[in-house]
Amino acid sequence: MSANPLAVWRDFSPRTRAVLAVNAVNSFGGGLVLPFLWIYLDQVRGLASWVPAATLAVQAATSVVGGLAWGAVLDRLAPRPVVTLVMCVAGLGTGLYAFATSAPAALTAAVVYGLGISGVGTVLRYLYAGAATARERGLAFSADYAVFNAMTGLGVLVGGLVAASGPGSRAGRFAALYVADGLTFVAAGAAFFLLLPRIERGDGRKAEAKAEARGPAGYREVLGQRSLAVLLATVTLCSLVSYGQLRSGLPGYLTADGAVGPEGLSGTFAVNIVVAVLTQVVLGERVQRVRRSTVLSVTGVLWAAAWALVLVAGRQHGTPATATAMAGVLLLSVGEALVFPVVTGLLNDLAGERVRGRANAMLSVAVSTGSVAGPLLAGATLPLADGLPMVVALIAVCAAVALVGPLLRRTLPADADLPDPASDAEHTAAAPATAASGS
């Protein structure tokens, strides 16, 4: 595949292109409401102060349980009805927030939305994993990361404009945003329901692999594979030092003593989105030629340097603090954009066909666990010594991530650590003949 993004897009199978296109619309809808739930329930709906916190906690807890359930269902049923159902449940849940005028209504929406959204990432990764070659899978995960960040960022901008200055009452504008988000989920479910039967023929997994998948399986089989268990634990640490800190430890540390103001903080978030997208556009194809264990180690080093810069930024003020913080966030964003698509591709290459749904569900749980543990760590350590213990702990975790790479390489199959482009090319060249013989 070419390094040119347009050429890469043309080289994707119809299945992969369809999933990317549908998820672009879905990600835009998610961005419309991404930053607003706490503000909406607290300031717009005027609910008690405990309601937003309880809503987010219920949503997170339901997401973990729901994700495990969806993974098991995917390993037993064809993806078409599962994907459609997942999207519709998520759409119903976020749509219910539009009518959350009381605590019971908000908590009900949290349960439904948590159940639905927990399956969205799982089913999308499952569909990308249906690509014919490991190389296309890796590129699909990279492209999805870029599409998600770009469209979510666009949605955040549009949602912010509508919430601030759109027509109608403030409550009406927020409600309209949640309804719009729900409609994008429903549209995604309908699109998958219509498209999957047409694009799966000749582009799915081998028939014998599907037959093998019908055998009994469970989450014990996923965690029983040492490489998978280590990889999932590492993803949890990666999520803790990146996703888990972007909206908690990072702003909390930088603003505690006035090192960075609101404008500078907004700039760091803009840097995060822009750099994540550009990294995938520039490096998404090239990183496929690098050992995945090496990418993991490099990411750990980048993140350790990023948090060291954040540590320095918190001891400065004004423009120097903002510039140093943005440099740290830049490194943090590059590491995110490199490692998460790579570990997703690695996990799907290591997972057996019959537990692929469960493996992707466990990946979602690992990311969610790190995202929850991050704020907990920040809350416990930020008050101590002006946040120094928190940043030192994060640097130590990043160093641990860097060390996992060489340790993991010893146990990884060579073709999983670095998929062979030659074998992928042979597979692609043989595919038309295989399809012809079967028709």
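The values are calculated or read from the model by the stated rules, or taken from the named source; none is laboratory data. Note that the structure is predicted; figures quoted are calculated from it, not measured. No Cβ is skipped: glycine too gets one built from the backbone with ideal geometry, and neighbour counts run over all protein chains shown. For the accessible areas, the whole protein counts, side chains as well, though only heavy atoms, and no ligand, DNA or RNA atoms are used. Shrake-Rupley method; radii C 1.70, N 1.55, O 1.52, S 1.80 Å.
Here are the numbers:
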quantity: For the chain: rounded, prolate or oblate by the Cα gyration tensor [a/c cutoff 1.5]; calculated: oblate
quantity: Debye, to nearest 20: dipole size of the chain, +1 on Lys, Arg Cβ, -1 on Asp, Glu Cβ; calculated: 600 debye
quantity: Projected label distance in nm at residue 392 and residue 170, using a 7 Å step from Cα toward the beta-carbon; calculated: 4.3 nm
quantity: Part-to-part distance (alpha-carbon centres) for the stretch 16-40 and the stretch 363-406, which is given in Å; calculated: 27 Å
quantity: Peptides 336-349, 70-83, 298-311 ordered by average Cβ neighbours within 10 Å, highest first; calculated: 336-349, 298-311, 70-83
quantity: Per-pair calculated FRET efficiency, R0 = 25 Å: residue 9 and residue 283 via Cβ, rounded to 0.05; calculated: 0.95
quantity: The stretch 293-351: C-alpha gyration tensor shape, a/c 1.5 cut-off, then a/b vs b/c; calculated: prolate
quantity: Dipole of the chain [Lys/Arg +1, Asp/Glu -1 at C-beta], most positive-end residue of 222, 147, 53; calculated: 222
quantity: Simple label model, 7 Å out from Cα along Cβ direction - residue 38 to residue 323, nm; calculated: 3.1 nm
quantity: Peptide ranges 108-121, 368-381 listed from the most packed, as the mean C-beta count within 10 angstrom indicates; calculated: 108-121, 368-381
quantity: Part-to-part distance (alpha-carbon centres) for the stretch 315-339 and the stretch 252-296, which is given in Å; calculated: 7 Å
quantity: At least 24 Å along the helix axis (C-alpha) and Kyte average at least 0.0, DSSP helices within the chain; calculated: 14-33, 50-74, 79-96, 103-128, 134-165, 170-199, 262-283, 292-313, 318-350, 356-381, 388-409
quantity: Heavy-atom surface of the chain, accessible at 1.4 Å and reported per residue (Å²); calculated: 41 Å²
